[in-house]
Amino acid sequence: MHGALFLFNFYRPFSLKSYLKAIISLVIIYGVLWGTAGSVLIPYGLLLNQMLVIIIIVGVTAGGLHILQPNFLVSIVFFSLTTFPLSFWLFYQNGIIYWLLGTAMIIYFCFLFIVSWMGYRLLNKNFKLRYENYNLINKLLEMNNSLEESESRFRCAFNSAAIGMAIVSLEGRWLKVNESLSQIVGYSEKELLQTDFQSITYPEDLDLDLSYVRQLLDGQIKFYHMEKRYIHKNGSIIWILLSGALIRNNENEPLYFIAQIQNIDGQKRAEQELIHIAHHDILTGLGNRKKLEISFDHALAYAKRHQKKIAIMFMDLDHFKKINDKLGHDIGDLLLIEIAQILKSSLRSTDILARFGGDEFIIVLTELSDVGLVIEIAKKILNTIEKPIIIKQQRISITSSIGISLYPDDGNNLNTLIKKADEALYYVKTTGRNNFRLSSF
């Protein structure tokens, strides 16, 4: 207890600004230490150990991305101090692998910069929005205690508010709305007053909204915030941030609800875009490894419930490097995009397609009863890909090789099945290419 009092008295004179300076100093020191560890203390001649150091640096910066998000400048300083020394060290080493690793670190820094900036903006916007919402709700609750005196002032604030405002009956009917709300949902004031909020609420969000309403009526909460969707007059779906409170009279009887509606559709779309980027390959638009894992888990759960088989096809293009070397990486990238489209058209809507890296693709055939369909699709893919492809007036002929594994015959998890399919692919590669092989045969 005495120790706690001592610490309290010791730190009390320091201002918040002093604490912030101390934290920033610690972040800089931390960044310098990791930057030094990544460039000065990295072991020479041991590529595996060097890769371990790189992975550690990437992990440290990835962790700092979330922690330092509220201060964009500090986060960029930290990322620079931790990644640039290692990047420069890699560029000064001999060997193409070091040049590639150094380039990857620079690209990774750019990725950190973009994600940190977007996260910083979204975070600040969200904090500001929630702060404004909280203040406005409290203000409206206080105004209820002196309603007669503040009615004129409230009406002015209500009508001129830049965000949607509404007074709603206990049954959910709109009693009064402002122009901002009409602009958000596309309905005129007259049209809204003839309906209720339930009729324009997206069905999947209605139960949660009504549960909050019941809690307000029961006195369990004083106000609530929730993100929900409205159905716009034109039929589109829009995301809004709803803040609601229940107004009571002096006898504590409920009178009506007051609601604040903020259009956050742009923010939600930005969040969804970030999620999409995190789960998809930028070049082809196909799912990446993370997306593959998520989709496979769903397919596996379905297969277990319905006693179905799953096939994993590990496919890569034969001699793709020669095309890159001869025609250039631009043509190679366009070829990969075209191959991705060919694969999409060869599969069923229930199947899963992902780019695994380079010219490698993973195909997951779901809901299978036997291997006959697997063989049929494999032949279809081989025959379709070997047809000449025209890219920028270049006639390109290429073939592919496919290794196949089956659930549950070859394994019961994604990593095992991919490994088995890779082994089958290796056999095809070493015995002539342009063919497929099942791991079980």
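The values are calculated or read from the model by the stated rules, or taken from the named source; none is laboratory data. Here the structure is a predicted model, which is why all the values come from computation and not from measurement. In this analysis, Cβ positions are derived from the backbone assuming ideal geometry, glycine residues included, and neighbour counts consider all displayed protein chains.
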Considering only segment 408-441, how many residues are among the acidic types (D, E) and surrounded by fewer than 14 Cβ atoms within 10 Å (Cβ to Cβ)?
0
Per-region count, segment 335-385, residues in a helix (DSSP H, G or I) and either touching a helix residue (DSSP H, G or I) at 6+ places or on another chain (Cβ under 7 Å) or not hydroxyl-bearing (S, T, Y) (or both):
25
Of the residues that sit in segment 388-407 and are assigned to a loop (DSSP other than H, G, I, E, B) and touching a helix residue (DSSP H, G or I) at 6+ places or on another chain (Cβ under 9 Å), which one is surrounded by the most Cβ atoms within 10 Å (Cβ to Cβ)?
I398
Can you tell me which residue within segment 291-325, out of those that are among the aromatic types (F, W, Y) and closer than 22 Å to N415 by Cα, is farthest from the chain's Cα centre (by Cα)?
F314
The helices (runs of 4 or more DSSP H) lying entirely within segment 194-299 that contain at least 3 residues which are of a type in the set (A, V, I, L, M, F, W, C) and more than 21 Å from V177 (Cα to Cα) are 265-279
Out of segment 275-286, which residues are within 8 Å of the chain's Cα centre (by Cα) and exposed (fewer than 15 other Cβ atoms within 10 Å of the Cβ)?
I275, H276, I277, A278
Only one of (1) at negative phi; (2) surrounded by fewer than 16 Cβ atoms within 10 Å (Cβ to Cβ); (3) out of contact with any strand residue (DSSP E or B) (no Cβ under 7 Å at 6 or more places or on another chain) fails for S346. Which number is that?
(2)
Taking K308 and the conditions (1) farther than 30 Å from S369 by Cβ; (2) at pLDDT 90 or above, which numbered condition does it fall short on, given that it satisfies the others?
(1)
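Table: residues versus (1) of a type in the set (S, T, N, Q); (2) farther than 19 Å from I418 by Cβ; (3) assigned by TED's automatic domain parsing to the domain that holds R173.
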site	(1), (2), (3)
N250	yes, yes, yes
P254	no, yes, yes
I258	no, yes, yes
I264	no, yes, yes
I275	no, yes, no
K291	no, no, no
I294	no, no, no
L335	no, yes, no
All positions within segment 349-367 that are in contact with a strand residue (DSSP E or B) (Cβ under 7 Å, 6 or more places away or on another chain) and charged (D, E, K, R)
D351, R355, D359, E360
Return yes or no: is I375 more than 21 Å from L438 (Cα to Cα) and of a type in the set (A, V, I, L, M)?
no
By residue number, the members of segment 164-179 that are under 19 Å from N133 (Cβ atoms) and without any contact (Cβ under 8 Å) to a residue 40 or more places away in the chain are V177, N178
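Output yes when any residue across segment 177-186 is within 15 Å of I261 (Cβ to Cβ) and assigned to a loop (DSSP other than H, G, I, E, B), and no when none is.
Looking through segment 177-186, at least one residue is within 15 Å of I261 (Cβ to Cβ) and assigned to a loop (DSSP other than H, G, I, E, B).
When you look at D359, is it charged (D, E, K, R), assigned by TED's automatic domain parsing to the domain that holds F320 and exposed (fewer than 13 other Cβ atoms within 10 Å of the Cβ), yes or no?
No.
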Going through segment 350-378 in order, the residues found to be more than 23 Å from the chain's Cα centre (by Cα) and of a type outside the set (V, I, T) are D359, E360, L365, E367, L368, S369, D370, G372, L373, E376, A378
Picking from L246, L217, the residue that is over 23 Å from A162 (Cβ atoms) and surrounded by 15 or more Cβ atoms within 10 Å (Cβ to Cβ) would be L246
